[in-house]
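Asker: I have a structure here, written as structure tokens, and I will follow up with some questions on it.
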Amino acid sequence: MNQIGPIFRALLRNKVGALLLALQIALTMTIIVNAIHMIENRSSMMARESGMDEANQFHLMYVGYKDSFNERVAVETDLLEIRKLNGVVDATQINSTPLSGGGWSMGLTTTPNSQDGTPVSLYFVDDHGLNTLGVELVAGENFSQTEVTYRLSNDKQWPQNILLTEAAAKNLFPDLTPAEMIGQTVFIRDDEPMTIKGIIDHLQAPWVQWSNVNNVMLVPQRGLWNANRYLVRTAPGERDRLMREVEELLLAKRDGRLIRNVTAMDEQRDDAYQDFFALQTVLWVIVTVLTLVTALGIVGMVSFTVNQRRKQIGTRRALGATKGDIMRQFMLENLLITGSGLIIGVASSIALNIWLVDTFSLPRIGWHYLPIAMVVLVIVGQLAVLGPARKAANLSPALATRTT
Amino acid sequence: MLKMTSVRKTFRTDTIETHALRDFDLQVEEGDFVAVTGPSGSGKTTFLNVAGLLETFDDGDYQLDGKSVQGMNDRQLAQLRNEKIGFIFQSFNLLPDLNLFDNVDVPLRYRGFNSAERKQRIEQALETVGLANRMGHYPAQLSGGQQQRVAIARALAGSPRFLLADEPTGNLDSNMASGVLDLLSEINAQGTTIIMVTHDPSLAQRAQRNIFVRDGQVTEVQTGTNIQELLQQTAQV
């Protein structure tokens, strides 16, 4: 390390090449840090629990196309028959599911006609909803069979009782415990009161990128709409068989409807995060290519330098440098250039992140990314310089006496 | 202090074998100022490279300070070069991006001296060659003669047992060459052994001993022999 002073001073005499390489390293660090931050951000979003028993659930849609199709009769008989199937844990009609990307949302307030509503996503379910979804009650009670009503597409009325996720309830009543939230009144559509009957632990809204994804309200209603959806929960290992059986059961009724989109929940998860996965793949490719290009840039630059300084290397060897001294010299030189690049890189990484936060509402970068990226790039730099440095170390000291 | 016995060095390509040194015998004593002359391709530079441990040899024995160098590994050879030999090259071989202080400092850092000792040695060496007031200058800011003086300071700073000079005035005009040669004579007078390879007979005349190399072999010539004549005779043969 006692060569560092002269090496640094020599680099200052040849600023342009070193500066360009340092800037390349800074740019690489800036992009890598923010790309990995985005990758990790997407990974943590993908790792979030939907709140459901996804491995053992599926849903399907049906659409009545004949005038004779009676939605109310269909839903009542269908659900009774599905629940009786061997291996079915429970089933409910539901308007949407987590991860589906489509559904309802409304604003709830704690006082009528208030401007500051808490956005919540709505799932219309019956008294089997909790068990089918696989969510737990934290406080209060589930809906009873008698309070489940039917909702037509043009209905404006809201039932008296609702269940809320703990996250949604906390937004509305930040100072109350779940037990204290039971019986509290909330208002929908500005002034229609509803009572919180129960608090469930966790359930996601249908939209994975929604900032209020954990705010969910369960409403005790069945829809009498043209297109409806059943959610079925099965015993472990029975799902795939039951997906076929339930479809066949409904088709066998020949009552004037189409069955479509029989989808397992984990398949739906894959679909929901397909864009995330694609983005992650693209970012990984960018990170890899950029790191490789930087490494190749270092290899090229150092190889060029070694060729340019063959006689100098020979002279140093003649003056007593060991092979190790020559290797150390190039590695130290690279360390100084990489170090300068990384210092610029830290500043530009933070600057880019501030811009991304302001422009795309991404979360702030974790401070730990910076030292990790620095260590990785130092290692990449040192590995890249290893080959040319070894080549330099193997040059003959006799080069010192050659005239060219 | 330097003894070569039957040293052989052959360069081989796929088609040609060149015997650069053939049974090369030479003994140099402490305090000698030896000039090595000879026609182009006679083996002078190969001798210098072998003597300076810049190149290995194929056969024979080479003892430096009573120790055979054969079989030494790269690290040991580097250490010997650093501690015992000072090099002066025809084209000075100063490192262009280092100032004079750092240039002279190069071998001292490899030696592992502490900074105080290095500073003292550098200042003293540059003082000896008359460039102590230009330590912060870069080689490009100096004349050829001054650059060679810096190279001599660099060679001297580590207090080597002997200096190996490869055409030390080859790139200098006669005025500067004379100055450099005066300096080498002065250094030799102070007890440093010098081996100087040169093709210039007038420079060779200033050495105590003259060695003539022809076809990779040594002929010791008497002081006062007309080396120019020898070179011409060799060329005619």
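Asker: Over chain B, calculate the relative contact order: mean separation of alpha carbon pairs under 8 Å at least 6 apart, over the residue count, as a percent.
Answerer: The normalised contact order for chain B reaches 30 percent.
Asker: Same structure again: Mean separation of Cα pairs under 8 Å and 6+ residues apart, divided by the residue count of chain A: what relative contact order is that in percent? It would help to have the intermediate numbers written out before the result.
Answerer: Numbers: 691 pairs, mean separation 111.1, N = 404.
In percent, rounded to a whole number, it is 27.
Asker: Also: Just need the relative contact order of segment A:70-255 here, percent rounded to a whole number, with Cα pairs under 8 Å and 6+ apart.
Answerer: Numbers: 385 pairs, mean separation 61.3, N = 186.
Across segment A:70-255, relative contact order equals 33 percent.
Asker: Moving to a separate point now. Can you give me the orientation-averaged projected area of the convex hull built on the Cα atoms of segment B:1-117, in nm²?
Answerer: Numbers: hull surface 38.5 nm².
Taking a quarter of the hull surface, the average projection is 9.6 nm².
Asker: Still on this structure: I need the shape label for segment A:47-110. Rule: rounded when a/c is under 1.5, else prolate if a/b > b/c, else oblate, with a, b, c from the alpha carbon gyration tensor.
Answerer: Details: a/c = 2.15, a/b = 1.27, b/c = 1.69.
Oblate shape, in that a/c is at least 1.5 and b/c is the bigger or equal ratio.
Asker: Enumerate the amide H contacts of B:V218 below 5 Å, restricted to partners 5 or more residues apart or on another chain; note that Pro and chain-start residues carry no placed amide H.
Answerer: Answer set, sorted by chain and number: B:D25.
Asker: Continuing with the same structure: Identify which of B:V28, B:V106, B:V218 has the largest mean-square fluctuation in a Gaussian network model of chain B, with springs joining Cα atoms closer than 10 Å.
Answerer: Among B:V28, B:V106, B:V218, the largest GNM mean-square fluctuation belongs to B:V106.
Asker: Sum -39500 (n - 2.57) across every DSSP H segment of at least 4 residues in chain B, then divide by the residue count to get the 222 nm mean residue ellipticity, nearest 500.
Answerer: Values: 8 runs with 89 residues, N = 237.
Theoretical 222 nm ellipticity from helices: -11500 deg cm²/dmol.
Asker: Additional query: Helices from chain A with mean Kyte-Doolittle at least 0.5 and a Cα length along the axis of 18 Å or more, per DSSP H: which? It would help to have the intermediate numbers written out before the result.
Answerer: Numbers: long enough: A:15-46 (45 Å, 1.12); A:71-84 (20 Å, -0.38); A:239-252 (19 Å, -0.31); A:274-308 (50 Å, 1.49); A:323-360 (52 Å, 0.93); A:369-393 (34 Å, 1.56).
What comes out of the filter, once short or polar helices are dropped, is A:15-46, A:274-308, A:323-360, A:369-393.
Asker: Exposed loop chymotrypsin sites (Phe, Trp or Tyr not before Pro) only (DSSP loop, at most 14 other Cβ atoms within 10 Å): please give the longest stretch of chain A free of them, not including the sites. Write out the running numbers ahead of the final one.
Answerer: Values: sites that count: A:Y65, A:W367.
Longest stretch, sites excluded: A:66-366.
Asker: Another one. Using alpha-carbon positions, what is the distance between the centroids of segment A:173-249 and segment B:189-203, in Å?
Answerer: Centre-to-centre distance over Cα atoms comes out at 99 Å.
Asker: Oh, and also: On the Cα set of segment A:214-340, report Rg and Dmax in Å, please.
Answerer: Every Cα atom of segment A:214-340 included, Rg and Dmax give 32.7, 97 Å.
Asker: Would you kindly calculate the mean projected area, averaged across all directions, of the convex hull enclosing the Cα atoms of segment A:317-404, in square nanometres?
Answerer: So the Cα hull casts an average projection of 7.7 nm².
Asker: Gaussian network model of chain A, Cα springs within a sub-10 Å range: biggest mean-square fluctuation belongs to which of A:G256, A:G223, A:G345?
Answerer: Between A:G256, A:G223, A:G345, it is A:G256 that shows the largest mean-square fluctuation.
Asker: Rounded to the nearest 500, what is chain A's calculated 222 nm mean residue ellipticity when only DSSP H runs of at least 4 contribute -39500 (n - 2.57) each, over all residues? Walk me through the numbers on the way to the answer.
Answerer: On the way: 12 runs with 201 residues, N = 404.
Helix contribution divided over all residues of chain A: -16500 deg cm²/dmol.
Asker: Compute the long axis of helix B:227-236 from its Cα atoms, compare it with the longest principal axis of the Cα atoms of chain B, and write down the angle in degrees, 0 to 90, nearest 10.
Answerer: In chain B, helix B:227-236 runs at an angle near 50 degrees to the longest axis.
Asker: I've got another one for you. Rounded, prolate or oblate for segment B:102-224? Axes are the square roots of the Cα gyration tensor eigenvalues, ordered a ≥ b ≥ c, and the cut-off for rounded is a/c under 1.5.
Answerer: Numbers: a/c = 2.31, a/b = 1.67, b/c = 1.39.
Prolate, since a/c reaches 1.5 and a/b exceeds b/c.
Asker: So how much accessible surface do A and B hide from each other in total, probe 1.4 Å, in square angstrom to the nearest 100?
Answerer: Working: alone 19930 and 11400 Å², together 28810 Å².
Using a 1.4 Å probe on protein heavy atoms, the buried area is about 2500 Å².
Asker: Work out the P(r) tail for the protein assembly as shown: percent of alpha carbon pairs separated by more than 48 Å, whole number.
Answerer: On the way: 98457 of 205120 pairs.
Cα-Cα pairs of the protein assembly as shown separated by over 48 Å account for 48 percent.
Asker: Within 10 Å of each Cβ of A:391-401, how many other protein chain Cβ atoms are there on average? Can you show the working numbers first?
Answerer: On the way: counts 0, 0, 1, 1, 0, 4, 10, 10, 2, 8, 16.
Average per residue, whole number: 5.
Asker: Helix B:100-111 versus the longest principal axis of chain B: what is the Cα-based angle in degrees, 0 to 90, to the nearest 10?
Answerer: Helix B:100-111 sits at roughly 70 degrees to that axis.
Asker: If I fit a long axis through the Cα atoms of helix B:74-84 and take the longest principal axis of the Cα atoms of chain B, what angle between them do I get, 0 to 90°, rounded to 10?
Answerer: The angle comes out near 70 degrees.
Asker: What number comes out for the charge environment of A:N212, summing +1 per Lys or Arg and -1 per Asp or Glu over other residues with Cβ under 14 Å away? It would help to have the intermediate numbers written out before the result.
Answerer: Values: positive: A:R48, A:K170; negative: A:D116, A:E166.
For residues surrounding A:N212, the net value is 0.
Asker: If you don't mind, another one. Just the number, please: percent antiparallel of the DSSP beta bridges in chain B, rounded to the nearest 5.
Answerer: Working: 20 of 37 bridges.
Once the DSSP bridges in chain B are tallied, antiparallel ones form about 55 percent.
Asker: Of all the accessible heavy-atom surface of segment A:1-143, with the other protein chains kept in place and a 1.4 Å probe, what percent is carbon and sulfur?
Answerer: On the way: 3430 of 6220 Å².
Carbon and sulfur together cover 55 percent of it.
Asker: Longest segment of chain B with no GluC sites (Glu not before Pro) in a DSSP loop having at most 15 other Cβ atoms within 10 Å?
Answerer: Working: sites that count: B:E29, B:E30.
It works out to B:31-237.
Asker: Where in chain A lies the longest segment free of trypsin sites (Lys or Arg not before Pro) that are both loop residues by DSSP (not H, G, I, E, B) and have at most 16 other Cβ atoms within 10 Å? Mind showing how you got there, number by number?
Answerer: Working: sites that count: A:R48, A:K66, A:K156, A:R189, A:K253, A:R254, A:R364, A:R402.
Answer - A:255-363.
Asker: State in Å² the accessible area per residue of segment B:2-236; use a 1.4 Å probe, count heavy atoms of protein chains only, and round to the nearest integer. Present the calculation step by step, with values, prior to reporting the outcome.
Answerer: Values: 9970 Å² over 235 residues.
With all protein chains present, segment B:2-236 gives 42 Å² per residue.
Asker: Just for chain A, what percent of DSSP beta bridges are antiparallel, to the closest 5?
Answerer: 70
Asker: Under a 1.4 Å probe, what is the accessible area of chain A per residue, stated in Å²? Don't jump to the answer; show the numbers that get you there.
Answerer: Numbers: 18650 Å² over 404 residues.
Per residue, chain A has 46 Å² of solvent-accessible surface.
Asker: Then there is this: To the nearest whole number, what is the average tally of beta carbon atoms from other chains within 10 Å of the beta carbons of peptide B:40-48? Numbers along the way, then the final one.
Answerer: Values: counts 0, 0, 0, 0, 0, 4, 2, 0, 2.
Mean partner shielding for this stretch: 1.
Asker: Among A:T118, A:T263, A:T77, whose mean-square fluctuation peaks in a Gaussian network model of chain A (Cα, cutoff 10 Å)?
Answerer: Among A:T118, A:T263, A:T77, the largest mean-square fluctuation in the Gaussian network model of chain A belongs to A:T77.
Asker: In terms of the Cα gyration tensor, with a ≥ b ≥ c the square roots of its eigenvalues, is segment A:70-255 rounded because a/c is under 1.5, prolate because a/b exceeds b/c, or oblate? List each step's numbers first, then the result.
Answerer: Working: a/c = 2.03, a/b = 1.70, b/c = 1.19.
Prolate is the answer for segment A:70-255, as a/c is 1.5 or above and a/b outweighs b/c.
Asker: Just grab the label-to-label distance for B:Q190 and B:Q70, each label 7 Å out from Cα along the Cβ direction, in nm (one decimal).
Answerer: Taking the simple label geometry, B:Q190 and B:Q70 are separated by 3.7 nm.
Asker: Calculate the length of the line joining the C-alpha centroid of segment A:255-314 to that of segment A:93-139, in whole Å.
Answerer: If we compute the Cα centre of each part, the gap is 38 Å.
Asker: Of all the accessible heavy-atom surface of chain B, with the other protein chains kept in place and a 1.4 Å probe, what percent is carbon and sulfur?
Answerer: Values: 4340 of 10160 Å².
Of all accessible area on chain B, carbon and sulfur atoms account for 43 percent.
Asker: Jot down the radius of gyration and Dmax of segment A:1-159, Cα atoms only, both in angstrom.
Answerer: Both quantities, over Cα of segment A:1-159: 29.0, 93 Å.
The values are calculated or read from the model by the stated rules, or taken from the named source; none is laboratory data. Keep in mind that this is a model prediction, so the values were computed, not measured. Note: ideal-geometry Cβ built from the backbone for every residue, glycine included; neighbour counts use all protein chains shown. Note: areas computed on protein heavy atoms with side chains; ligands, DNA, RNA excluded. Shrake-Rupley method; radii C 1.70, N 1.55, O 1.52, S 1.80 Å.
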